[in-house]
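Colleague: This is the structure, below, for whatever I ask next.
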Amino acid sequence: MARQDPSPSTAVGAATGAAIRPRAGVPVWRVGKPDTLLAGAVETARAALLDVVEPEQVGRHLGAKSEGERLVTHLFECVRPGYRGWQWYVTVARVSRSKIVTVSELGVLPSEDSVLAPEWVPWSERIRPEEREQAILDAAAEGIEVADEAESDEAEADEAEADESEGESDEAESDEGAGHPVDAGDALDPEEELEAEGITDIDDEID
């Protein structure tokens, strides 16, 4: 739905051939003469507005704007606290050859005098060149740090795997040694076993 007649600055821009960008958030109205019957339905529009808004929050009638064929929007001053510069709107319509006015929609809209949030600007356009360069350097440094951490973790994992393999090899050799049978030629005779245990022949003790 088109809104708002050209502002003085827009009209000057059109006269000079320069395109002036409208303020963000402010509606742009269709240019044209409103329907006479609908433009005169001020009280009908006000009554519809008072059905949903407190009477003390509705100010004077500001005008009627054309929205198209047999479609008009009435504007009322908004005196609700915190809405300085805003305007109540009530859009009315009628069918062809009918004098019955129908309310289509209503609400509140900002004007050139409203306090609005600034137009959103992408982050890439808000930062200064030096900030962009610093962001690139920080990202690169972070990438290098992450890569170093990954290499360190990989080296620790390899070292742990090598220690585990060495431990398994030592256990296997120990088990093999414990299960190896003693050769018959290496076995000690009874006398050598007694000497090894500190027991000697009784005849040697007597001598």
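Colleague: For a quick check of your reading of the model, give me the residue pairs whose first member lies in segment 66-90 and is under 16 Å from Ala48 (Cβ atoms) and surrounded by 21 or more Cβ atoms within 10 Å (Cβ to Cβ), whose second is among the charged types (D, E, K, R) and modelled with pLDDT of 90 or more, with beta-carbon atoms closer than 6 Å and at least 6 apart or on different chains.
Modeller: Val72/Asp35; Thr73/Lys65
Colleague: I've got another one for you. Specify which of the listed residues (Val121, Val101) is of a type in the set (Val, Ile, Thr), more than 31 Å from the chain's Cα centre (by Cα) and within 29 Å of Val28 (Cβ to Cβ).
Modeller: Val101
Colleague: May I ask you to list the residues in segment 68-101 that are part of a strand (DSSP E or B) and not aliphatic (A, V, I, L, M)?
Modeller: Those that are part of a strand (DSSP E or B) and not aliphatic (A, V, I, L, M): Gly68, Thr73, His74, Phe76, Glu77, Cys78, Gln87, Trp88, Tyr89, Thr91.
The values are calculated or read from the model by the stated rules, or taken from the named source; none is laboratory data. As the structure is a computational prediction, the values presented were derived from the model and not from experiment. Neighbour counts are summed over all protein chains in view; Cβ atoms, including those assigned to glycine, are modelled from backbone coordinates with ideal geometry.
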